[in-house]
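Participant: Sharing a structure below in structure tokens format, with a few things to ask.
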Amino acid sequence: MIITGGIYKGRKLKTVKGDTVRCSTALLKESLFNILTARVNIDSFLDLFAGSGSVGIEALSRGAKKVVFVEKNTNNVNLICSNVSLLGAEKETRVMKIMAEKAIGLLKNSQFDVIFIDPPYELAKPPYIKEIFQLILDHNVLSENGYLVLEYPAYDEAEIFEIDDLELVKSKNYGKSGLAIWVQKSVSK
């Protein structure tokens, strides 16, 4: 797995053997950051269901000042920590070994510019994803005008969620995976 852009571009990361992690492809990551950097300055990035941490590390490489990784699998957490250490980026990162729902509660009012959600595909079903989105909004974890990004299986199109505070910006498939991106609507003052 290689970092595709930014200050760590071309650096090779350690990967997990086996099927506990489904790594986001280089094409998907490149497309994601091309879309996001044209829209938002990414200072803070939350990588939920982080797996190998490759997407959060990509955000760090592309200028995020703070990246939080949330992953419950011990082997994956160790991998993320190892890769962060390889880059010498421990001060800019936090790795939480916890379930996503609990992490959202602990991160209440933390305000992330981008929240990347990549659950195992068997969990990436509309009712569960909508519940995660609502938790994020209820706990004020997404910054005003922040972006929620869902990686989903391309064979199972992302539902356009009807959540008052979010607006779907883009949904596109990249091989076996797809990306759906929502923005938090501005709060009128």
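Participant: With every protein chain left in place, what is the accessible area of GLU90 in Å² (1.4 Å probe, nearest 10)?
Facilitator: For GLU90, the solvent-accessible surface is approximately 100 Å².
Participant: Can you tell me the length gained on complete extension of the stretch LEU123 to CYS81, counting 0.36 nm per residue apart and subtracting the Cα distance? Could you put the intermediate results ahead of the total?
Facilitator: Working: separation 42, 0.36 × 42 = 15.12 nm, distance 2.46 nm.
Extending this stretch completely gives an extra 12.7 nm.
Participant: In the range 28-92, with Lys and Arg counted as +1 and Asp and Glu as -1 at Cβ, which of these residues, ILE57, VAL40, LEU87, has the Cα nearest the positive end of the dipole, that is, farthest along it?
Facilitator: So the residue we want is VAL40.
Participant: Take the chain, connect every pair of alpha-carbon atoms lying under 10 Å apart with a spring to form a Gaussian network, then pick out the residue of GLU122, GLU92, GLU101 with the largest mean-square fluctuation.
Facilitator: In this elastic network of the chain, the residue with the biggest mean-square fluctuation among GLU122, GLU92, GLU101 is GLU122.
Participant: Which of these, GLY53, GLY175, GLY63, has the largest mean-square fluctuation under a Gaussian network model of the chain (Cα springs below 10 Å)?
Facilitator: Of GLY53, GLY175, GLY63, the Gaussian network model singles out GLY175 as fluctuating most.
Participant: With a/c under 1.5 counting as rounded, go ahead and sort the chain into rounded, prolate or oblate using the C-alpha gyration tensor (a ≥ b ≥ c being the square roots of the eigenvalues; past the cut-off, prolate if a/b is larger than b/c, else oblate). All intermediate terms of the calculation are to be shown ahead of the outcome.
Facilitator: On the way: a/c = 1.38, a/b = 1.29, b/c = 1.07.
Rounded, because the longest to shortest axis ratio a/c is under 1.5.
Participant: For the cross-link pairs LYS14/LYS176; LYS9/LYS66; LYS91/LYS176; LYS9/LYS130; LYS12/LYS185, which exceed 25 Å when the distance is taken from alpha carbon to alpha carbon?
Facilitator: LYS91/LYS176; LYS9/LYS130; LYS12/LYS185, as the Cα separations exceed 25 Å there.
Participant: OK, next. Quick check on the chain: helices-only [θ] at 222 nm, where DSSP H runs of length 4 and up contribute -39,500 (n - 2.57) each and the sum goes over total residues. Nearest 500, please. Don't skip to the end; give the middle numbers.
Facilitator: Details: 5 runs with 54 residues, N = 189.
Result for the chain, helices only: -8500 deg cm²/dmol.
Participant: Could you derive backbone 3J(HN,Hα) for the range 41-51 from the dihedral phi with the Karplus parameters 6.51, -1.76 and 1.60 (θ = phi - 60°), listing whole Hz in sequence and x where the residue is Gly or Pro?
Facilitator: Here the 3J(HN,Hα) series is 7, 8, 8, 10, 9, 10, 10, 7, 6, 5, x Hz.
Participant: Right, next: Normalised by the number of residues in the range 63-189, what is the relative contact order in percent for Cα pairs under 8 Å and 6+ residues apart?
Facilitator: Taking the mean separation of contacting Cα pairs over the length of the range 63-189, I get 20 percent.
Participant: Given the options LEU166, TYR8, TYR121, identify the residue whose Cα lies farthest towards the positive end of the charge dipole of the chain (+1 on Cβ of Lys, Arg; -1 on Cβ of Asp, Glu).
Facilitator: TYR8
Participant: Rounded to the nearest percent, how much of the accessible area of the chain (1.4 Å probe, protein heavy atoms only) is carbon and sulfur?
Facilitator: On the way: 4530 of 9100 Å².
Reported share for carbon and sulfur atoms: 50 percent.
Participant: Is there a quick way to get the dipole size of the chain? I mean about its Cα centre, with the Cβ of Lys and Arg at +1 and of Asp and Glu at -1; what is the value in debye to the nearest 20?
Facilitator: Dipole of the chain, to the nearest 20 debye: 800 debye.
Participant: Separate question: Tell me the accessible surface of LEU166 in square angstrom (1.4 angstrom probe, heavy atoms of protein chains only), to the nearest ten.
Facilitator: For LEU166, solvent-accessible area is about 10 Å².
Participant: Check SER143: other-chain or 5+ apart residues with amide H under 5 Å from its amide H, H built from backbone geometry?
Facilitator: Residues meeting the criterion, in which the H sits 1.01 Å from N, are PHE112, ASP113.
The values are calculated or read from the model by the stated rules, or taken from the named source; none is laboratory data. This one's a predicted model, so the numbers in the text were calculated from it and none came from an experiment. Methodologically, a virtual Cβ is constructed for each residue, glycine included, from the backbone with ideal geometry; neighbour enumeration extends over all protein chains shown. Note: areas computed on protein heavy atoms with side chains; ligands, DNA, RNA excluded. Shrake-Rupley method; radii C 1.70, N 1.55, O 1.52, S 1.80 Å.
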